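Colleague: Here it is, the structure in full.
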Amino acid sequence: MLQKHALASSLGFGLIPNPLDQLIRDHHISTPQDIFHCFAGKANRLLIATFRLLTNSGENTFTRTWKFFEVPSCWSRQKNPITHLACYFMSDILRLTMIIPFILYRCLTTNLLKREVLTNMKERMNLQSYRHVINKIIKCWVQFSLTTRMVFSKTLMKVDYETIQKMLELECKMLLEVFPEQFSGLPNLHINRHIVAHAKTYGTALNTSVSVKEMVHRIHKGQDIQFEHIIGQGIQNIVNDVALRPLLNSWYIISSLLPKIYDEDDIEKANIITCIPEIMDINVRLKWNKYQRNQENFTIGKHLNGYLSNELANAYTEYYNDRGAMINSKVEFYNNISYVVKEDDCFVDVQLNVGDIVDVFEEGETEESYAIIKGIFTHHERSRKLHAFVIFDWFEKIRENSMLKCPKYRLQALEETQWNRVFSISLIDHNPRVHFVHDCNGDCNNDKHDFTNRYYLKNMYYYLAV
């Protein structure tokens, strides 16, 4: 017996079974894979595989389309994905996947792909024409982007787990069908089998992500080395110099997405109030000049036109129960408004710009409505208190784009609008969180849309990447 104890002790064994031995451990669940790294890795590989299909002309066409694409206003500037993909952070790669299906849908044609690759893909997938190859590539991207958005959902219902499982299986099938060399045997693709189990165990798959650590790393990486700061400051000086900005035109998306710098003269120090005390610290910026007011046809001089004057009176009635508050129609228009909204013990900084698209959920409605902000203005009511309002153009849902799997909307014209257009800013208590893309036709150019075409697509791949 003593020899038995001595042998067990030397080998690190126990003579009596451990009570924890009865527990069953599933290493797939107990050690979850991080979906942030998993999907960013797959996206990076898919981007490289797609770019390798393009000819030189195809790369130039893709870059031009990407450069002028209407990205969300809250995104930071990005470098050319074809030439600088290695410089992208994982969050940048995930953002890129939200717009790639639209870019390919707009620009990809058979003459932009390498002929040998196009022929091999057609024969391998047993397709009838080269156009079907293009459709396969776009549909593959659509499925990947939809799946990524669903996996990154912040909340999930029981039925959503089954939906995610089916989407992951279809994503895996399409990636292996279209890009077998790049994805066969890929560990990140194998992880698809366990993502739903992780989501059920931890509530959502997002709870297994280390994306916050990634962004902390991103911040510190820019601050650790003084040399990097010097270079960054030098680039910033170029950005701020109007004469030197064109040097970056082929590197960054477009100049309008560079950081907006407001002079003190552009910021109105006005005491603006609303009907809700939880909205505070309201500031307006970039006052419109006469040309801007006339271009939108909102005013006659500095006074609202008859239609909008009546709309403003209705807004005072709805929000302040005081239609008589409007003793004049003189207003000032601005391009930007910011304010703070208090929600319980938290504060939300809201910033709205003309051209932003917002989601609105009004009482009595069963689903969200969407509108584009066409104007931001302030008005003095009869007691000389200053109030802020927005002017909306509403979207009307009509059908779905079957290729992109995104709902299609039509922007209502003034003569056909069925809803009010003037609202107090208290209606919007959050930053813009939806993204719409122009449904371009043959009259649209990369740098200029044909706005007589009033059709748009809601970006169903859009989510907060980090």
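The values are calculated or read from the model by the stated rules, or taken from the named source; none is laboratory data. These numbers come from a predicted model, not from an experiment. A quick note on method: Cβ atoms are made from the backbone with ideal geometry, for glycine too, and the neighbour counts reach across all protein chains shown. To get the accessible areas, we keep the full protein, side chains included, count just its heavy atoms, and leave off ligands, DNA and RNA. Shrake-Rupley method; radii C 1.70, N 1.55, O 1.52, S 1.80 Å.
Colleague: Do you know which residues across the range 395-424 are assigned to a strand (DSSP E or B) and free of Cβ contacts under 8 Å to residues at least 12 places away in the same chain?
Modeller: Within the range 395-424, R399, E400 meet the criteria.
Colleague: Here's another thing I want to ask about it. Does at least one position in the range 99-110 carry a residue that is out of contact with any Lys or Arg (no Cβ under 8 Å at 6 or more places or on another chain) and surrounded by fewer than 15 Cβ atoms within 10 Å (Cβ to Cβ)?
Modeller: yes
Colleague: Being in contact (Cβ under 8 Å) with a residue 40 or more places away in the chain and farther than 16 Å from I282 by Cβ is the filter; apply it to the range 338-361 and report the residue that is most open to solvent (accessible area, probe 1.4 Å).
Modeller: Result: E343.
Colleague: Still on this model: Count, please, the residues in the range 22-59 that happen to be surrounded by 15 or more Cβ atoms within 10 Å (Cβ to Cβ) and modelled with pLDDT under 80.
Modeller: Total satisfying the criteria: 3.
Colleague: Turning to a different aspect of this structure: Return the residues of the range 146-172 that are open to solvent by 40 Å² or more (accessible area, probe 1.4 Å) and β-branched (V, I, T); say none if nothing qualifies.
Modeller: Across the range 146-172, the qualifying residues are T155, V159, T163.
Colleague: Shifting gears a bit: Of the residues in the range 276-289, how many are crowded, with 16+ Cβ neighbours inside 10 Å and more than 26 Å from G301 (Cα to Cα)?
Modeller: Within the range 276-289, residues that are crowded, with 16+ Cβ neighbours inside 10 Å and more than 26 Å from G301 (Cα to Cα) number 1.
Colleague: Continuing with the same structure: Quick one: would you say E177 is in the same structural domain as I93 (by the TED database), touching a Lys or Arg at 6+ places or on another chain (Cβ under 8 Å) and not aliphatic (A, V, I, L, M)?
Modeller: When the stated conditions are applied, E177 passes them.
Colleague: Condition first: in the same structural domain as P277 (by the TED database), more than 25 Å from L104 (Cβ to Cβ), modelled with pLDDT under 90 and touching a Leu at 6+ places or on another chain (Cβ under 9 Å). Can you find one or more residues in the range 388-410 that meet it?
Modeller: Scanning the range 388-410, I find no residue that is in the same structural domain as P277 (by the TED database), more than 25 Å from L104 (Cβ to Cβ), modelled with pLDDT under 90 and touching a Leu at 6+ places or on another chain (Cβ under 9 Å), so the answer is no.
Colleague: Here's something else I'd like to know. Inspect all residues belonging to the range 99-109 and state whether any of them is polar (S, T, N, Q) and modelled with pLDDT of 95 or more.
Modeller: No, because not a single residue in the range 99-109 is polar (S, T, N, Q) and modelled with pLDDT of 95 or more.
Colleague: Test F298 against the criterion of being open to solvent by less than 40 Å² (accessible area, probe 1.4 Å) and closer than 22 Å to F395 by Cα, and give yes or no.
Modeller: Answer is yes for this residue.
Colleague: Any residue that is closer than 14 Å to I99 by Cα, open to solvent by less than 20 Å² (accessible area, probe 1.4 Å) and among the hydrophobic types (A, V, I, L, M, F, W, C) - is there at least one of those in the range 406-427?
Modeller: Yes, that holds for at least one residue.
Colleague: Identify the single condition in (1) farther than 29 Å from K330 by Cβ; (2) open to solvent by 20 Å² or more (accessible area, probe 1.4 Å) that R382 does not satisfy, given that it satisfies every other one.
Modeller: (1)
Colleague: Continuing with the same structure: Across the range 425-443, what is the number of residues that are touching a strand residue (DSSP E or B) at 6+ places or on another chain (Cβ under 7 Å) and part of a loop (DSSP other than H, G, I, E, B)?
Modeller: 8
Colleague: Let me ask something additional. When the range 79-109 is examined, which residues are found to be charged (D, E, K, R) and not in a helix (DSSP H, G or I)?
Modeller: K79
Colleague: Moving to a separate point now. Please give the number of the condition S91 fails out of (1) at pLDDT below 95; (2) under 22 Å from the mean Cα position of the chain (by Cα); (3) open to solvent by 10 Å² or more (accessible area, probe 1.4 Å).
Modeller: Single failed check for S91: (3).
Colleague: Being open to solvent by 40 Å² or more (accessible area, probe 1.4 Å), over 25 Å from S57 (Cα atoms) and assigned to a helix (DSSP H, G or I): is that true of Q143 here?
Modeller: Against the criterion (open to solvent by 40 Å² or more (accessible area, probe 1.4 Å), over 25 Å from S57 (Cα atoms) and assigned to a helix (DSSP H, G or I)), Q143 does not qualify.
Colleague: Here is a list of conditions, (1) outside the structural domain of L308 (by the TED database); (2) touching a helix residue (DSSP H, G or I) at 6+ places or on another chain (Cβ under 7 Å), and N420 meets all of them except one; can you say which number that is?
Modeller: Among (1) outside the structural domain of L308 (by the TED database); (2) touching a helix residue (DSSP H, G or I) at 6+ places or on another chain (Cβ under 7 Å), the lone unmet condition for N420 is (1).
Colleague: For M150, are the conditions met, namely being more than 24 Å from the chain's Cα centre (by Cα) and either modelled with pLDDT under 95 or not assigned by the TED database to the domain that holds W66 (or both)?
Modeller: no
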